[in-house]
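This structure is in structure tokens; I'll ask about it shortly.
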Amino acid sequence: MTRRSRVWVVALALVIGVSVAVDQWISRTPLPELVPVTGVEALDRSGQLLRAWPVADGRWRLAVSPAEVDAGFIELLLAWEDQRFWRHVGVDPWALGRAAWQALRHGRVVSGGSTLTMQVARLLDGSGTGQWNGKWRQLRLALALERKLSKRDILNLYLHLAPYGGNIEGVRAASLAWLGKEPRHLSLAESALLVALPQAPEARRPDRNAEAALAARNHILQNLAGRGDISAVAAARAVAVAAPLQRHALPRLAAHATARHTQQGQVPAQLTINAGLQARLERLTRHFVSARQANLSAAILVADHQSGEVLAAVGSPGLESAEQRLGHVDMIQAVRSPGSTLKPMVYALAFERGLVHAQTRIQDRAMSFGQYRPANFDGRYLGEMTVASALQQSRNVPVVQLLQRLGPARLMLALRRSGVAPQLPGGAPGLAIGLGGVGTSLEGLVKLYAMFAQYGEAAPLVWTKGQAQAPRERVLAARNAWLVAHLLAQISPPPGHGLPGSVAYKTGTSYGNRDAWALGFDGRYVIGVWTGRADGTPVPGALGANAAAPLLFEAFGHVRAVPVPLPPPPIDATVPRHAELPSALQYFGAQPRRHADLQIAFPPNGARVALTPESSQLTVKLHGGRPPYTVLLEGRPLPGPHWHDQLTVPLRSRGFSTIAVVDANGSSARVQIEWPAVDS
């Protein structure tokens, strides 16, 4: 072997040895965690982001893949940062040589020689950009990454880890924070900005130094146009676009619902909520409370009663209103007094038991039920009225009469079967539960009214996409559930909110004006509204009718453009007139009394009443009898008929007057009074 041959052999051996050593050196490279931790996400029914949470150290880093990023951004990124990304092995000798030559020639760093893989290595390693030992580790890790991962995986790491200023990492969080949009569709100007920011993320933060961000973006556009990577016309148009000046908050829609239904982990939870509808109803709720006292709260729950899917869930006007409105309290789940919203179920059960029909007549007068003496909300009694009117006017005494006959336990069982989950503070249920003396949630009440909308079948709610609705249970006969809905649909909407018949709804107000409710449904949607104070303090003047009902109908306007017709009656549903009812159903309780039990409770016979000439109206109170009443003054009938047990009689002249009253059964009572004028 010649000397020259021996040299070549030694050189070859040396190359092989170095190659083996380098190969082993790369193979022994300790690799960091290669799956970036991303924040927990909740998505809406179509995959749109509802809410995200930062990772453990408070950084915003969201899951993304190259396919979910605008292709133009990827092309721009590689054209600027690493033109030979798809071909090199992690290190680009040509780029390193170019960077070294430019640094020697100009006496300063003109361009970097790091590949995108080396930048990923630096982000994974946490080493800086200006130390040689850090550069050396980045180079070694880059070579190791190229052996371990595919090019797509490395690009994916960059899309997750690139810094964008403050606590923002990754292109998706950056696009949402700086552009207010997902990165699926980006303009050239937007793509260039997102390419520029990671080079100096703090110095170029748009919210703190918009000029620097704009200059860096335009520098990239102009240079790429000069190289021919993009057209000069497109670059000029992109340069003319203003840079963003503020940081957008990441979406936080349905804050309470997403927190409750999202599992901690990297797999996003997909809810049935519609993000667009949710955003509209959150704005509506904030607008509603903004015009009222500072500590007022409100909640809205919307569901499709056909599928059970929840479409919107506004638990409060907003988490940021925690101090005054206790915005952190989810009033969809909070247990409160339902007021009169349970009355429809009492009537439905009375229909089921054959106790009454819609045109059955029932008494609305002062009654005692043992120690319990319920009063109507307005303090008045209307006498005999139909069951339909008693429900529509939300009279208290008639519903307590029915509940006494049914038994409170039967109502509690029906509520549980409907999904309401009523709660009692202790002891057996009493008659007061029919007027709100039981704890319920807005979610439970929405289930109850969904049951009415679904012809008496319980309609469990579905919160997560793909979740099967729980088996339905029949609670009421279809004809009786429909009859309740039919009666509720005849209640007039609040002024300016449409005509009766489009929405079947009921309002309720709890004791002391602590809670105002409105529940309603049309042929597809069921909506529940609560308003009040989250701490349970009374809200004077707030009623279901004047506070919650207008908000209910406004919510319906946001849910659908035109009303969905209410369900048609079942084939066996009937609404006969009073005279067509069987005799047992014409009157609830005792038949009309035929004996003379009508009494004038006030004024007593022979009373001397003091009135002024300016105010010569005498209040007459009746006891017993059956309306309507005919009132006679000095033997002459007054205009009527009179349906209430409290009426006003005008006295025309001083002296003695005789007042007589005759009821519908012919019973009569009379008193004689003297009324001298009071000296002024």
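Quick query: amide H of Val462 versus all other amide H atoms, modeled in the peptide plane; which residues come in under 5 Å with a sequence gap of 5 or more or a different chain?
Residues meeting the criterion, in which the H sits 1.01 Å from N, are Glu309, Val310.
Give the shape of region 327-416 as rounded, prolate or oblate, defined through the alpha-carbon gyration tensor: a ≥ b ≥ c are the square roots of its eigenvalues, a/c under 1.5 means rounded, and otherwise the shape is prolate if a/b is larger than b/c and oblate if not. Numbers along the way, then the final one.
On the way: a/c = 1.85, a/b = 1.46, b/c = 1.27.
Verdict is prolate for region 327-416.
Another one. Ranked highest first by average number of other Cβ atoms within 10 Å, how do 243-251, 341-349 line up?
Ranked by mean Cβ neighbours within 10 Å, highest first: 341-349, 243-251.
For n ≥ 4 DSSP H runs only, could you compute -39500 (n - 2.57) per run for the chain, divide by its residues and tell me the 222 nm figure to the nearest 500?
Working: 21 runs with 231 residues, N = 680.
Helix-only estimate at 222 nm: -10500 deg cm²/dmol.
Right, something else. Could you work out the relative contact order of the chain? I mean the mean sequence separation of Cα pairs under 8 Å and 6+ apart, divided by the number of residues, in percent.
Worked out over the chain, it gives 10 percent.
Using Cβ contacts closer than 10 Å as the measure, can you line up His497, His305, His261 from fewest to most? Numbers along the way, then the final one.
Values: His497 16, His305 25, His261 19.
Ordered by Cβ neighbours within 10 Å, fewest first: His497, His261, His305.
Applying the Karplus parametrisation 6.51 cos²θ - 1.76 cosθ + 1.60 with θ = phi - 60° to the phi angles of region 330-338, what ³J(HN,Hα) value in whole Hz is obtained for each residue in order, glycine and proline being reported as x?
Ordered by residue, 3J(HN,Hα) equals 7, 7, 6, 9, 4, 8, 9, 7, x Hz.
Can you compute the modelled spin-label distance between Leu633 and Gln306, with each label point 7 Å from Cα toward Cβ, in nm?
So the two model labels end up 6.0 nm from each other.
Could you rank the peptides 290-298, 553-561 by their average count of other C-beta atoms within 10 Å per residue, with the highest value first?
By packing density, highest mean first, the sequence is 553-561, 290-298.
If you don't mind, there's one more thing I want to ask. Given C-alpha coordinates of region 167-210, what is the ratio Rg to Rh with the Kirkwood estimate of Rh? Mind showing how you got there, number by number?
Values: Rg = 9.7 Å, Rh = 10.5 Å.
Rg divided by Rh gives 0.92.
Restricting to lysine pairs 8 or more places apart or on different chains, what number in the chain have Cα atoms under 19 Å apart?
The number of close lysine pairs in the chain is 4.
Another question, if that's okay. Treating region 30-239 as a set of equal point scatterers at the Cα positions, no solvent, please give the Debye-formula log₁₀ I(q)/I(0) at q = 0.09 Å⁻¹.
The Cα Debye sum returns log10 ratios of -0.35.
Moving on to the next point. What ³J(HN,Hα) values, in whole Hz, does the Karplus curve 6.51 cos²θ - 1.76 cosθ + 1.60 give for region 444-458 when θ = phi - 60°, with x put for Gly and Pro?
Each residue's phi maps through the Karplus curve to give x, 5, 4, 4, 4, 6, 5, 4, 4, 5, 9, 6, x, 9, 4 Hz.
Packing-wise, with mean Cβ within 10 Å as the measure, how do 412-418, 424-430 rank, highest first?
For the peptides 412-418, 424-430, the packing ranking is 412-418, 424-430.
Fewest first, what order do Asp125, Asp57 take by the number of other Cβ atoms within 10 Å? Intermediate values should be presented prior to the final figure.
Details: Asp125 16, Asp57 8.
Going from least to most buried by this count: Asp57, Asp125.
A follow-up question, please. According to the square roots a ≥ b ≥ c of the eigenvalues of the Cα gyration tensor, what is the shape class of region 535-582, taking rounded for a/c under 1.5, prolate for a/b larger than b/c otherwise, and oblate for the remainder?
In terms of gyration-tensor shape, oblate.
Sort Met451, Met118 so that the residue with the fewest other Cβ atoms within 10 Å of its own Cβ comes first and the one with the most comes last. Show your work: numbers first, answer last.
Working: Met451 32, Met118 25.
Starting with the residue having the fewest Cβ neighbours, the order is Met118, Met451.
Moving on. What residues have an amide H closer than 5 Å to that of Val503, excluding those fewer than 5 places away on the same chain, when H is modeled at 1.01 Å from N in the peptide plane?
Answer set, sorted by chain and number: none.
Mind giving me the nanometre distance, one decimal, between the label points for Glu202 and Val335, set 7 Å out from Cα along Cα→Cβ?
Between Glu202 and Val335, the simple spin-label model gives 5.2 nm.
Any read-out appearing in this document is the output of simple, stated calculations on the displayed coordinates, not a laboratory observation. Computed from a predicted model, the values in this text were never measured in an experiment. Quick reminder, even Gly has a Cβ in these numbers, built from the backbone with ideal geometry, and neighbours come from all protein chains shown.
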